[in-house]
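Just below is one structure, and these are the notes that go with it.
What follows draws every value from the coordinates through simple rules; no lab data is involved. Everything numeric in this text was worked out from a predicted model, so none of it was measured. Methodologically, a virtual Cβ is constructed for each residue, glycine included, from the backbone with ideal geometry; neighbour enumeration extends over all protein chains shown.
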């Protein structure tokens, strides 16, 4: 079974970061020493009013207040845009904001952008990236996403075929093609373009723009974490199955295997009491079971990738609901994830595995999302796995060390013996705006 295909990624090189841990009994007894981490991960964002006042403005203005942001002030001009997924050419007023050049702090091999925004009817936005290598050369301006919370004005999409001699964009992920060649990403700028129909006052408003940058070495295995932080805690996250939707709405993938990401995102939103209104769901066939899942699949659909598994499209969808913050990042370890559960925050994780590598799953996948909702008293991982036959079967318990390996590794063997990629610890972090992120010593990856 393949819920989504993991994007092709290049993760090589060595960097160091020691993450403090708590001395607790190991899962099999005894004590494990502190784990030395050889990956580097950071998340850098613009979200405060002083942040938005920096950079280069062309027709944008910073909005102060509790939910600071950036929006269109006096448009920089008008432009025509042809949506290749509909063939429609329309005229739009636009404005742009370009971030200051931002040093990552290490030489990175990957970057994934995230944003939280409101896009009223008649508006949309585009996020672009320009990187600077450790050689001083720059990348082209790469399109990382064209996005709106709805799909009436523009078809949400990424852009295939982007690259230069050193890097490529794979759906939502910037990646160095060959890290062993020594050309790595040292700094970057993000450019935000905001669009609205000519003459209307309603405009996009972006509350957060950020990026996860990382350098994770090639690894088939990882050192098990120490645990003990959230053992015995389980969060009451509603259970939703993607498989009960199999064969439905073929224009958005037909449910089933391709809806793991929006189904997981829906579960977390429902845990926080958020979801689409009756008006939002009016398009769904009356009597449809769990229409909120079908809605999430439609509203996360990437018309270029032809899937609902675009990582930042899912977190942007989550953040389109009131008072929700969301982002894509990587985590260093299961210990780090435990701190989120301990703080009451479920975590959506991306992993791939053979059916023999995760006991009790009864399937294998080249890429799948599910929700970590807690831990048993012995430290095993309690998961709401949407790849279950019914809502009643969604709750699963997976062995701790098996889960940690399939989630954090960057290389794996397929059933035919060939080497494929792993997510390297990709996670969606979604929480209410008034809830703080947990504190992890030495970590800057959210």
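If you build a Gaussian network model of the chain, linking Cα atoms that sit under 10 Å apart, which residue out of 354, 369, 190 swings the most?
354
Return P(r) of the chain (all Cα-Cα pairs; 10 Å bins starting at 0; whole %; ordered from short to long distances).
4, 22, 33, 27, 12, 2, 0
With a cut-off of 8 Å between alpha carbons and a minimum separation of six or more residues, what is the relative contact order of segment 292-388 in percent?
Computed over segment 292-388, the figure is 14 percent.
I need the shape label for segment 42-215. Rule: rounded when a/c is under 1.5, else prolate if a/b > b/c, else oblate, with a, b, c from the alpha carbon gyration tensor.
Because a/c hits 1.5 or more and a/b fails to exceed b/c, segment 42-215 counts as oblate.
Please give the calculated 222 nm ellipticity per residue for the chain, where each DSSP H segment of at least 4 residues contributes -39500 (n - 2.57) and the sum is spread over every residue; nearest 500 deg cm²/dmol?
-3000 deg cm²/dmol
Which whole-number percent is the relative contact order of segment 42-215 (Cα, under 8 Å, 6+ apart)?
In percent, rounded to a whole number, it is 32.
How big is the Cα convex hull of segment 243-329 in projection, averaged over all directions, in nm²?
5.6
How large is the convex hull of the Cα atoms of segment 220-432 per residue, expressed in Å³ as a whole number?
Per-residue hull volume (Cα only) is 116 Å³.
If you build a Gaussian network model of the chain, linking Cα atoms that sit under 10 Å apart, which residue out of 202, 108, 148 swings the most?
Highest fluctuation among the options: 202.
In what order do 271, 398, 317, 288 fall by count of nearby beta-carbon atoms within 10 Å, going from fewest to most?
If I rank by nearby Cβ atoms, fewest first, I get 288, 271, 398, 317.
Sort 418, 197 so the one with the fewest other Cβ atoms within 10 Å of its own Cβ comes first.
Starting with the residue having the fewest Cβ neighbours, the order is 418, 197.
Along the Cα-to-Cβ line of residue 91, 7 Å from the Cα, sits a label point; which residues in segment 180-204 have backbone N less than 14 Å from it?
196-200
Among 154, 143, what is the fewest-to-most ranking by other Cβ atoms within 10 Å?
Exposure proxy ranking, most exposed first: 143, 154.
Taking R0 as 30 Å, what FRET efficiency do you get between residue 439 and residue 197 from their Cβ-Cβ distance, rounded to the nearest 0.05?
0.10
On a 0 to 90 degree scale, rounded to 10, what angle separates helix 260-271 from the longest Cα axis of the chain?
90
By the gyration tensor of its Cα atoms, with a ≥ b ≥ c the square roots of the eigenvalues, what is the shape of segment 31-102: rounded for a/c under 1.5, prolate for a/b over b/c, or oblate?
oblate
Any idea how far the Cα center of segment 105-121 sits from the one of segment 266-336, in Å?
Cα centres, segment 105-121 to segment 266-336: 17 Å.
Taking springs between alpha-carbon atoms closer than 10 angstrom, which of 297, 278, 95 fluctuates most in the Gaussian network model of the chain?
For the chain, modelled as a Gaussian network with Cα springs under 10 Å, the answer is 278.
Provide the FRET efficiency to the nearest 0.05 for the residue 134-residue 419 pair, computing r from the beta carbons and using R0 = 22 Å.
0.25
Compute the relative contact order of the chain as a whole-number percentage, counting only Cα pairs closer than 8 Å that sit 6 or more residues apart in sequence.
21
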